[in-house]
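The values are calculated or read from the model by the stated rules, or taken from the named source; none is laboratory data. It should be emphasised that the depicted structure is a prediction, and the values quoted were computed from it without experimental measurement. Positions of Cβ are generated from backbone atoms using ideal geometry, with glycine treated the same way; all protein chains shown enter the neighbour counts. Areas reflect the complete protein model, heavy atoms only, side chains present, ligands, DNA and RNA absent. Shrake-Rupley method; radii C 1.70, N 1.55, O 1.52, S 1.80 Å.
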Amino acid sequence: MKNMPVYFIPHGGGPWHVMDDAMGDPVGYRGLRTYLTELGQKYRPKIKAILVVSAHWEENVPTIHFGQNPPMYYDYYGFPEFTYHLEWNVPGHPQLAEKVETLLNNAGFKTKREYKRGFDHGTFVPLMIAFPEAKIPIVQLSLVHSLDPATHLAMGKALEPLREQDVLIIGSGMSYHNMRGFMSGSSSAANDSKLFDDWLTATVEKSDPDKRNESLVNWEKAPGAKSSHPRSEHLIPLFVAAGAAGNDAGTRDYAGTIMEVNVSGYKFG
């Protein structure tokens, strides 16, 4: 491939991948596990590194992890003790981190470096399923705390050249993220998720990237938007992915349900 594609993947809830009941929905999560496993099988022989933008890291400015051997960051609460001792000793990639820093700086962003923070579950849960061998180096990039859509589209646009260097860019979040909705099992939550999922898919698949990105910036006007995302941190990684996609078209690459709400993943390029 001339350019690597860009992905927005759903990472699911907490450490679902090691829970016997998969957070109460083993059937729904089985589909997500299959999707992530197949993604890893597809790209393992083709990529040199992975850049991840996770919903679970926010800073005042884009912050890049420069650690050579990042630890695990168990950023979830109330789970069995063994879930706080998971190991996945994937290497970092300071050289890629420096490229990310340079691209963002050249695009006008002030950035920070991080060395101690571990990979959060938005990174390690889906990627230890996709790449359990823990050999492909990973760099994690934070969101900006403002969660401004245009800012994150611009971040992604700055990072697009990495796709020419065998780097797989992944936004890790959820197309639906309302914890009350997940837990309620209500028909209204399911309906809202379907409305928003349909809108989001139609938007991602717009043939004109400028119109796609304009619609994403105005996502709050979409049907079911605010009930699907009371706060937008789990949607924002999609904007980074869409920015990094450049003129490449997007398509829904995963469609499933988790806890009876619609959840999708997208591929650009």
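The set of residues in segment 142-185 being more than 22 Å from S264 (Cβ to Cβ) and assigned to a strand (DSSP E or B) consists of S142, V144, V167.
Note on segment 38-79: residues that are without any contact (Cβ under 8 Å) to a residue 24 or more places away in the chain and either more than 19 Å from the chain's Cα centre (by Cα) or under 19 Å from P237 (Cα atoms) (or both) total 4.
Screening segment 32-67 for residues that are part of a helix (DSSP H, G or I) and open to solvent by 30 Å² or more (accessible area, probe 1.4 Å) and picking the one that is nearest to A130 (Cα to Cα) gives T37. Being open to solvent by 20 Å² or more (accessible area, probe 1.4 Å) and touching a Ser or Thr at 6+ places or on another chain (Cβ under 9 Å) is the filter; apply it to segment 192-212 and report the residue that is modelled with the lowest pLDDT. Across segment 192-212, the extreme among qualifying residues is D192. Among the candidates Y7, Y29, the residue that is over 29 Å from L162 (Cβ atoms), surrounded by 16 or more Cβ atoms within 10 Å (Cβ to Cβ), among the hydroxyl-bearing types (S, T, Y) and in contact (Cβ under 8 Å) with a residue 12 or more places away in the chain is uniquely Y29.
Being modelled with pLDDT of 95 or more, within 22 Å of L162 (Cα to Cα) and surrounded by 16 or more Cβ atoms within 10 Å (Cβ to Cβ) is the requirement here; does V263 meet it? Reasoning before the result, please.
Numbers: modelled with pLDDT of 95 or more: yes; within 22 Å of L162 (Cα to Cα): no; surrounded by 16 or more Cβ atoms within 10 Å (Cβ to Cβ): yes.
No; evaluated as a whole, the condition is false for this residue.
Of everything listed in (1) surrounded by 20 or more Cβ atoms within 10 Å (Cβ to Cβ); (2) not in a loop (DSSP other than H, G, I, E, B), the single unmet condition for S188 is (1).
For the criterion of being closer than 22 Å to F268 by Cα and open to solvent by 10 Å² or more (accessible area, probe 1.4 Å), P132 fails. Being free of Cβ contacts under 8 Å to residues at least 12 places away in the same chain, closer than 29 Å to A150 by Cα, β-branched (V, I, T) and surrounded by fewer than 16 Cβ atoms within 10 Å (Cβ to Cβ) is a property that holds for T102. Report every pair of residues separated by at least 6 positions or lying on different chains whose Cβ atoms are under 8 Å apart, first residue within segment 107-124 and more than 12 Å from V139 (Cα to Cα) and open to solvent by 40 Å² or more (accessible area, probe 1.4 Å), second modelled with pLDDT of 95 or more and of a type in the set (S, T, Y). Matching pairs, first to second residue: K112/T63. Screening H85 with (1) surrounded by 14 or more Cβ atoms within 10 Å (Cβ to Cβ); (2) farther than 21 Å from E164 by Cβ; (3) touching a Phe, Trp or Tyr at 6+ places or on another chain (Cβ under 9 Å) gives one miss only, at (1).
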